[in-house]
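See structure below.
The values are calculated or read from the model by the stated rules, or taken from the named source; none is laboratory data. From a predicted model like this one, the values you see are computed outputs, not experimental measurements. Cβ coordinates were reconstructed from backbone atoms using ideal geometry, including for glycine residues, and neighbour counts include every protein chain displayed.
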Amino acid sequence: MSSPSPSASLRPNDLLTFVMAAACGIAVANIYYAQPLLDTLAAYFGVGRGTAGLIITMTQLGYAAGLILLVPLGDLLERRRLITVITLVTAVSLAGVALSPSIALFIMAALATGVTAVVAQILVPFAAHMASDAERGRVVGRVMTGLLLGILLARVVSGGIADIWGWRAVYWLAAGVMLLQAVMLARLLPAEPPQSKMSYGRLLLSVLALMRDEPLLRRRILYGALGFASFSAFWTTLPFLLAQPPYGYRDSVIGLFGLLGIAGALCANLAGSLHDKGHSRLGTGLFQALMGLSFLLMAILPHSLAAIIVGVIVLDLGVQGNQILNQSAIYQIRPDARSRITTAYMTCYFLGGAAGSAGAAYLFQIGGWLGACLLGMALGVAGVLFWLTEPTQPAGETNTAGR
């Protein structure tokens with residue numbers, strides 16, 4: 001379904017697109033700062049690696065809760081004000097993480113951070129709403145590039161800062177950055193009227209109706225959940241692999257591995273172009289296959305640094321390319337319900353991620369790196385098998401969405 005053309009005053013120019021991309025990256029980075037620090041946090045709080053892995057799981061569950069409870073408000077309230085308020089609350093929750101005296105309180109504050117970090121998922125449909133049909137894939141690709149770079153650079157930044165000033169400094173700095181971002185967004189984002197007049201309760205229930213009524217949304221949800229489960233399985237267990245022999249790396253070095261995923265983030269623009277040119281289906285199959293192949297390589301050569309590096313790059317290419325195609329397709333379904341569509345898609349996406357991180361942490365404890373890689377391979381194979389069932393023209397997808 002095509003959307004009405006946005007007014008010229010709302011169309012995102014290059015500067016506004018850049019600001020929204022940067023804001024998405026900074027917001028979503030908050031849920032990834034802990035990943036390269038897991039071994040350090042486990043030692044600091046005196047807990048096992050499986051318990052430390054719960055930090056990632058609970059943060060992602062918090063993000064899923066925020067997607068359900070907060071993101072639909074983007075269709076109900078004025079988005080600029082909503083984004084500003086949630087950003088301020090994120091700063092408070094990050095300060096709570098920095099002050100945590102125990103692993104239990106750390107996890108609770110991390111859960112709250114996950115809930116409010118969903119401001120990024122209000123910005124993405126906001127950008128998609130402002131873009132015209134012909135440029136939507138490009139705009140979503142650019143904004144998502146910022147979001148993905150935030151995910152990747154978060155690990156580098158947190159590892160480096162933790163090595164110099166300790167892990168608490170990571171979260172104090174993050175809280176300060178979110179305060180500055182709230183001020184900037186309040187000044188630069190355009191005011192835009194709400195898209196719905198439903199009550200909050202009906203708004204939440206309508207998310208389920210969208211999932212029931214839109215087969216394209218259901219299909220893309222499954223692609224996304226499988227992809228992010230594999231992504232989270234990898235990044236949750238990689239610090240454990242790299243902290244032990246033969247690697248024995250420090251937090252800062254482990255964090256640098258996030259830079260390897262820049263190739264995947266830069267793939268966002270390519271994936272957006274594939275969507276706009278009508279090659280979404282072909283690209284989806286390719287990106288799904290890359291996920292499984294990356295784990296196969298790393299399972300065969302777990303002690304080869306070159307294999308791990310190539311695996312990181314290939315996995316990120318697959319996951320991020322798949323994500324752009326998914327979001328570019330689903331934002332064509334119901335222009336008046338883009339925030340609720342985001343809720344449906346991203347809630348399942350992060351539930352998949354939480355399951356992947358929890359499952360991989362458990363399998364690493366009983367089967368080591370091979371156990372985590374087998375999980376990742378199984379998820380990739382499942383994605384390819386599901387893709388093979390996709391018709392040439394998925395129900396609900398227009399010619400511009402993919403073939």
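Things to note:
- Subset tally (residues that are in contact with a Leu (Cβ under 7 Å, 6 or more places away or on another chain) and over 19 Å from Val118 (Cα atoms)) for region 161-187: 3
- Among the residues of region 146-174, those identified as surrounded by fewer than 21 Cβ atoms within 10 Å (Cβ to Cβ) and either within 13 Å of Leu94 (Cβ to Cβ) or among the basic types (Lys, Arg) (or both) are Arg168, Ala169, Trp172, Leu173.
- Any hit, region 197-207, residues being out of contact with any Ser or Thr (no Cβ under 7 Å at 6 or more places or on another chain), within 29 Å of Ala358 (Cβ to Cβ), in contact (Cβ under 8 Å) with a residue 60 or more places away in the chain and assigned to a helix (DSSP H, G or I): yes
- Residue satisfying all of: in region 210-249; surrounded by fewer than 23 Cβ atoms within 10 Å (Cβ to Cβ) and in contact with an Asp or Glu (Cβ under 6 Å, 6 or more places away or on another chain); modelled with the highest pLDDT among these: Leu216
- Taking the conditions (1) modelled with pLDDT under 90; (2) among the small types (Gly, Ala, Ser); (3) assigned to a helix (DSSP H, G or I) in turn, Ala401 satisfies each one other than (3).
- Scan of region 1-58 for residues that are modelled with pLDDT under 85 and out of contact with any helix residue (DSSP H, G or I) (no Cβ under 8 Å at 6 or more places or on another chain), ordered by number: Ser7, Ala8, Ser9, Asn13, Asp14, Leu15
- Every listed requirement among (1) of a type in the set (A, V, I, L, M, F, W, C); (2) in contact with a helix residue (DSSP H, G or I) (Cβ under 9 Å, 6 or more places away or on another chain); (3) in a helix (DSSP H, G or I) is met by Ala191 save one, (3).
- Pair list, Cβ under 8 Å, 6 or more apart: region 140-164 residue without any contact (Cβ under 8 Å) to a residue 60 or more places away in the chain, other residue among the aliphatic types (A, V, I, L, M) and assigned to a helix (DSSP H, G or I): Ile161/Ala169; Ile161/Val170; Ile161/Leu173
- Check on Gln288, under 17 Å from the mean Cα position of the chain (by Cα), under 30 Å from Gly74 (Cβ atoms), assigned to a helix (DSSP H, G or I) and modelled with pLDDT under 90: no
- Extreme residue, nearest to Leu41 (Cα to Cα), among residues of region 127-176 that are at pLDDT below 80 and not in a helix (DSSP H, G or I): Ala131
- Any hit, region 179-193, residues being more than 30 Å from Leu76 (Cβ to Cβ) and surrounded by 14 or more Cβ atoms within 10 Å (Cβ to Cβ): no
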